[in-house]
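Every number here is computed from the coordinates shown, using simple stated rules; none is lab data. Quick caveat: nothing in here was measured; it's all calculated off a predicted structure. When we count neighbours, we look across all protein chains shown, and the Cβ atoms used for this are built from the backbone with ideal geometry, even at glycine.
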Amino acid sequence: MVMDSQLPPPAPADPRDPQADSRDSQADPHDPHGPHDSPPPLTERHFSLGDRRVRVLLGHDCLDDVAQALTGLDADRFVFVTDDTVQGVVASKLAGVVEQTAPALLLSHPPGEAHKNLATLSRFIDLSLDFKVTRRSVVVAVGGGIPGNIAGLLAGLLFRGIRLVHVPTTVIAACDSVISAKQAVNTAHAKNTVGLYHPPELIVVDFGVVAMGSPRDMRSGTCETVKNALAIDPGQIPTLRRLLRPRADYTASDLEEIFELSLAVKSRLLLEDPHEKYSGVLLEYGHTVGHALELASAAPGSGAVPVKHGEAVALGMAVAADVAHRLGALGADAVATHEELIERVGVCRCLTAGLDTETVMHHIGFDNKRGYEAHTSSDVPMVLLGALGVPLGLGQHYLTPVPRRAVRAAVDELLRRGRECDGGHDRGHDAHG
Ligand SMILES: NC(=O)c1ccc[n+]([C@@H]2O[C@H](COP(=O)([O-])OP(=O)(O)OC[C@H]3O[C@@H](n4cnc5c(N)ncnc54)[C@H](O)[C@@H]3O)[C@@H](O)[C@H]2O)c1
Ligand SMILES: [Zn+2]
């Protein structure tokens, strides 16, 4: 299918079942679109984002059910937002089914952070308006967190907000970015600097599609669930010990269990803090150093392997635990649990090979948690733990001002261990695979 092309006009009247959107979990054996050779029914969940109750449908190999959920929204037009990889995997097929009931536009961008920007957004706004979207139209994000964020911003801006549906296809999108109202794109200055809050109307996850992602992307997404367990709900750690595998060769059912863990933690936090500014800042555990590792490794000419977001968060948690231990706040047992889970999830410190402490410290200076509370330039505001699931931190944002020299010492230690790793991976996995 041609990028940004309008799909053919809709087929003549295909009367829709008005109950389609409330028939939350039963596959319809008479559905003319579906294979339905005894598909398991969709599971329905909900969570709250401010005054919005978000419906979540979960299934395996259930694209026809996803399409049915979309057509049940009674939209006059659909705008699908995807990337060029996911377009071929699933988005074109989904748009093709849905456009039998209403005109559909498929907007696609090349994969990667470099395209999560205002230029892509502006082009998609123009194409959507050319397509004559109205307040009754629905934007459908199909893909990972990148098309998800672009679509979220597109839906939030068109007519000051039209309906948004997420069909996440990566672990990070399913378990993290779609369970949020935050939408943002990057600028030349930094990641996620221009955005707004716009909650989705509906989320539909086909774990059969999510399981098609690369092991490294699945590992990266799973790290966020590990973060939630360490920082917010250590009661999940035994389940994670059972589920986690360094090779990240997860089945669709494993991924659904991992999703349920994330949903439990995030929905609890979002209930009290839908804008993720207060207790929601705990979700940023590991991100202060994590973002810096991500940026430093992605810089042109860094000579390092670009570290993925979740991998960077895992390494950032190792640093946060080390810092808290050095400050006398976190016990050795809790530090060891960090090490153990980071090992089980399959993130190796050798990912930091080629990075230097100065560059990482430079990026830490631009962390987006600056400004929540007053701090001096010699401090780094970080989420730190006093015990598993117990944040330290003064004020309402759970941030601790940490002397830069303490952060520097822990970053030094991380990079030293990265250099010493022989890359042999006798743990039986390939950290870069
Ligand atoms: N609250 C929030 O808004 C929030 C939270 C977390 C992350 N994010 C954002 O999410 C982004 C990262 O998300 P991501 O890792 O999903 O990135 P992504 O969207 O780039 O997806 C990663 C890669 O996987 C490919 N892919 C997607 N689905 C696939 C499938 N089913 N099979 C095979 N390949 C597939 C994509 O083409 C891409 O190359 C970042 O920009 C981050 O800022 C936002
Ligand atoms: Zn994250």
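Taking the Cα centre of the stretch 238-344 as origin, work out the dipole magnitude from +1 charges on Lys and Arg Cβ and -1 charges on Asp and Glu Cβ, in debye rounded to 20.
On the way: 10 positive and 16 negative charges, 22 e Å.
Dipole size: approximately 100 debye.
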**Report entry** Listed residues 391, 362, 309: farthest to the positive end of the dipole of the stretch 275-420 (Cβ charges)
**Finding:** 362
**Report entry** Percent of Cα-Cα distances greater than 17 Å, calculated over the stretch 236-296
**Finding:** 58 percent
Query raised in the report: For the stretch 48-99, how big is the tail of P(r) above 14 Å, as a whole percent of Cα pairs?
Result: 61 percent
Query - Relative counts (whole %) of C-alpha pair distances in the stretch 275-420, using bins that are 5 Å wide - result: 2, 11, 21, 24, 21, 14, 6, 1, 0
Query raised in the report: Ranked by Cβ crowding within 10 angstrom, fewest neighbours first, how are 120, 288 ordered?
Result: 120, 288
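Please list the three semi-axes, largest first and in whole Å, of the ellipsoid equivalent to the chain, using sqrt of 5 times the eigenvalues of its alpha carbon gyration tensor. Don't skip to the end; give the middle numbers.
On the way: eigenvalues 290, 100, 81 Å².
They are 38, 22, 20 Å, listed from largest to smallest.
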**Report entry** the stretch 187-342 - Debye-derived log10 I(q)/I(0), Cα point model, q = 0.10 Å⁻¹
**Finding:** -0.40
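Kindly flag which residue pairs out of 93/191; 277/308; 227/277; 93/132 have an alpha-carbon separation exceeding 28 Å in this structure. Show your work: numbers first, answer last.
Details: 93/191 31 Å; 277/308 24 Å; 227/277 18 Å; 93/132 22 Å.
Check vs 28 Å cut-off fails for 93/191.
If you place +1 on the Cβ of every Lys and Arg and -1 on the Cβ of every Asp and Glu, how big does the dipole about the Cα centre of the chain come out, in debye to the nearest 20? Kindly include the intermediate steps, with their values, before the conclusion.
On the way: 40 positive and 54 negative charges, 224 e Å.
Dipole magnitude for the chain comes out near 1080 debye.
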Query raised in the report: Kirkwood Rh, Cα Rg: Rg to Rh for the stretch 43-213?
Result: 0.92
